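Structure, as structure tokens:
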Amino acid sequence: QRLANLLNEISLYAKPQVSQRVAVEINALAAATLDTLRATKEALGREIILIPASVGVIVLGDRDKLKQVLINLVRNACDAIAPGETVTCSVKLHTDTNQVCIHVHNGGAAIPLHVLAKLTQPFYSTKPSGTGLGLAIVKRIVEEHTGTLSIQSDLLAGTTVSISLPLGDKPKSRYLLQQF
């Protein structure tokens, strides 16, 4: 089973990057993805909370790849905490930089600095059964979308993985989004 998982992750990582860029509303994508993730084995017994941006946020990107980014980040966050704990996914608009930031946070144990620096490297894993490609794939997708990935972790705040993506359009009010 581990070999099959590794082979699947390697083929995803090695696959040529071809994007089908469309307008993607990040709040809606996050809500749909998190609804699906709540039923996964990694999320059992854990609460997943979404804090959407107060306005609709649109990026130009590949919907499936951005969904994969959210899946990998939230699964990792759930896997790193005990049942009964919470993962928070928040979407924040930064009009000053013309970006949207998606933050995935858990209150799990702090990740040492020497490990943080390696987490997005291919084949580096802190788990005996891990492939070490999940965050490498996330980083590759985010960079393909001209975005950035950062990870912060400390004993008091827990761990937050943040991705920043350029906006594809002006933010829309929730009222306008609901009309469509």
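The values are calculated or read from the model by the stated rules, or taken from the named source; none is laboratory data. Note that the structure is predicted; figures quoted are calculated from it, not measured. Quick reminder, even Gly has a Cβ in these numbers, built from the backbone with ideal geometry, and neighbours come from all protein chains shown. Note: areas computed on protein heavy atoms with side chains; ligands, DNA, RNA excluded. Shrake-Rupley method; radii C 1.70, N 1.55, O 1.52, S 1.80 Å.
If you take the Cα Rg of the chain and divide it by 2.2 N^0.38 Å, with N the number of residues, what do you get?
1.02
Using a simple spin-label model with points 7 Å from Cα along the Cα→Cβ vector, what separation in nm is obtained for I51 and S125?
So the two model labels end up 3.2 nm from each other.
Using a 1.4 Å probe over the heavy atoms of the protein chains, calculate the carbon and sulfur portion of the accessible area of segment 1-107 as a whole percent.
Accessible surface attributable to carbon and sulfur in segment 1-107 totals 56 percent.
Using alpha carbons only, how many degrees (0 to 90, rounded to 10) separate the axis of helix 26-37 from the longest principal axis of the chain?
40
When ligands, DNA and RNA are left out and all protein chains stay put, how many square angstrom of accessible area per residue does the chain have with a 1.4 Å probe?
Ligands and nucleic acids excluded, the result is 55 Å² per residue.
Based on the Cα gyration tensor of segment 17-114, what are the three equivalent ellipsoid semi-axes, each the root of five times an eigenvalue, rounded to whole Å and given largest first?
Equivalent ellipsoid semi-axes, largest first: 24, 15, 14 Å.
Measure up K92/K118; K41/K118; K41/K92; K118/K139 against 23 Å on the Cα-Cα distance and list the ones that go over.
K92/K118; K41/K118; K41/K92
If you place +1 on the Cβ of every Lys and Arg, -1 on the Cβ of every Asp and Glu, and leave all else neutral, what size is the dipole of segment 1-145 about its Cα centre, to the nearest 20 Debye?
340
Relative to the longest principal axis of the C-alpha atoms of the chain, give the angle of the C-alpha long axis of helix 134-144, reported between 0 and 90° and rounded to the nearest 10°.
Rounded to the nearest ten degrees, it is 30.
Among DSSP beta bridges whose residues both lie in segment 1-103, state the antiparallel percentage, nearest 5.
Counting DSSP beta bridges with both partners in segment 1-103, the antiparallel share is about 65 percent.
As a test, work out the antiparallel percent of DSSP beta bridges whose residues both lie in the chain, rounded to the nearest 5.
Looking only at bridges with both residues in the chain, the antiparallel portion is about 85 percent.
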